[in-house]
Structures are given as structure tokens and as C-alpha cells.
Amino acid sequence: MPDDPAARSELHRSVYNEHAQAFDAHRGKTLFERAWLDRFLSSLTDQAEILDMGCGSAEPIAAYLIERGHRVTGVDFAPAMLDLARNRFPDYAWIEADMTALSLKQNFDGIIAWNSFFHLTMAQQSAMFPIFAHHLKPGGALMFSSGPSAGESVPGTVNGQTVLHSSHSPAGYTELMESNGLELRQFKAEDTECRGHTVWIARKATQA
């Protein structure tokens, strides 16, 4: 697995692009994430504008948000994944972009980065928090999943192809949020009721 961030990003993009159909077919649709999605949505208004970073094929997470009446904008770097999302929900915006360089002319009520943000290097993850904050409205909510501790975790696979996961420590993420005007609201490491996912919810400070 390449250490260079650009090479690593290209490798991951190629894997998800080449294996989009297989990934989508095997991606669990039982929505084991529902409890955390509902916690995230509980702080948002009806018909909220939500940015899904690493939206993939839009199933099942974006689909659930849309079903609940929210306006979703999806961002992903794999065009084959976005094709699946567009076919399912043609009336929504699905943007091909690298989240690490994202600069949209829109602010959102909520941002979600579920099982996507952790593919970035630790340095790239640090640089994401200003991007999260920039795209959130005051009072907006951020939810993301991470590893439970600092370092590079055991590589995962997508249809037999290796992908890498990285993580800061819980203290590191907390510091990154605080330094970018994001207040931690909920956190659970290796949640046994969410298939061992480590999940964070934060809120952007409101304007004085």
C-alpha cells in the first residue's frame, strides 16, 4: 500500500471504481447504522441539507436520509459508484470530487462521512476538519466513523482488493474538532450495537 497520499487516494479510487458493482451487491442493506443516523438527524430540522462525503452508491445511508425527507448532496471520487447513486436518485446532486480538496459554494445543515474518511492518511484527516467546518452552517452537525485508536489499522478488502484505514487517537480527534469550532456531542468507541464502529457526532458553534 503506497504511503504517498496521492498514490494512496488513486489506488482507493481505482479499487472502488473497478469493483463498484461487487461492493454495492455485498454492502449490507440492513441499516445497522440506523441508531446513529437517527441521533445525527435528531439535531437537524425537517428537509435539512446534508452533505454525504464518500456517498458511494447511495445505498443504504443516503437512501435512508432521502427517505426521511432530507436533501442530500453526495460526494465520491469513484465515478462508477456515483453512476449507481444517480440511477437510484436522479433528482439529487452526486458530485465526483476528492473530499480532501472539496470547496463547494454551499453550506449544509449536516455532514456525514461514514466509512470513507478513515481511508485518508492521518495528515489528510487532520486537514479535513477545516473543510468540514467550512461546509457546515452555524449549529450544523457532523458525524463520522473512525478507528478506535491512533495508527494504521489492519488493511481491509473490497472484493479481494486491499484498502487501508488510518485513525487518530480519541484525544487527537477531540483536539482537531475543538480547534475548528466543532463541539463534541456524542462518541462511542467500537460500538457493539453498530458492528464495532467507532462513531463521533459534533456540532459547529453558532454565531454570536
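The values are calculated or read from the model by the stated rules, or taken from the named source; none is laboratory data. Because the structure is a prediction, the values reported are computed rather than measured. Neighbour counts are summed over all protein chains in view; Cβ atoms, including those assigned to glycine, are modelled from backbone coordinates with ideal geometry. Each accessible area value is taken on the protein alone, full model and side chains, heavy atoms only, with ligands, DNA and RNA left out. Shrake-Rupley method; radii C 1.70, N 1.55, O 1.52, S 1.80 Å.
Brief remarks follow.
- Shape index of region 54-160: Rg/Rh, with Rg the Cα radius of gyration and Rh the Kirkwood radius from the inverse mean 1/r over Cα pairs, equals 0.95.
- Ranked from largest, the principal axis spans of the Cα set of the chain equal 48, 38, 35 Å.
- Between the amide H of residue 197 and those of 191, distances stay under 5 Å, these residues lying 5 or more places away or on another chain, with hydrogens modeled in the peptide plane.
- Residue 45-residue 184 FRET efficiency (beta carbon distance; Förster radius 25 Å; 0.05 resolution): 0.70
- Axial C-alpha extent at least 15 Å, average Kyte-Doolittle at least 0.0 - helices from the chain (DSSP): 122-135
- The listed peptides 191-197, 19-25, ordered by packing as a protection proxy, come out as 19-25, 191-197 (highest mean of other Cβ atoms within 10 Å first).
- Solvent-accessible area per residue, Å², over the chain with all protein chains present [probe radius 1.4 Å]: 46 Å²
- Lysines with Cα under 20 Å of residue 105, excluding same-chain neighbours fewer than 8 positions away: 137, 204
- Element breakdown for region 122-208 at a 1.4 angstrom probe: carbon and sulfur atoms account for 51% of the accessible area.
- Whole-number percent relative contact order across the chain, with pairs defined as alpha carbons under 8 Å at least 6 apart: 19 percent
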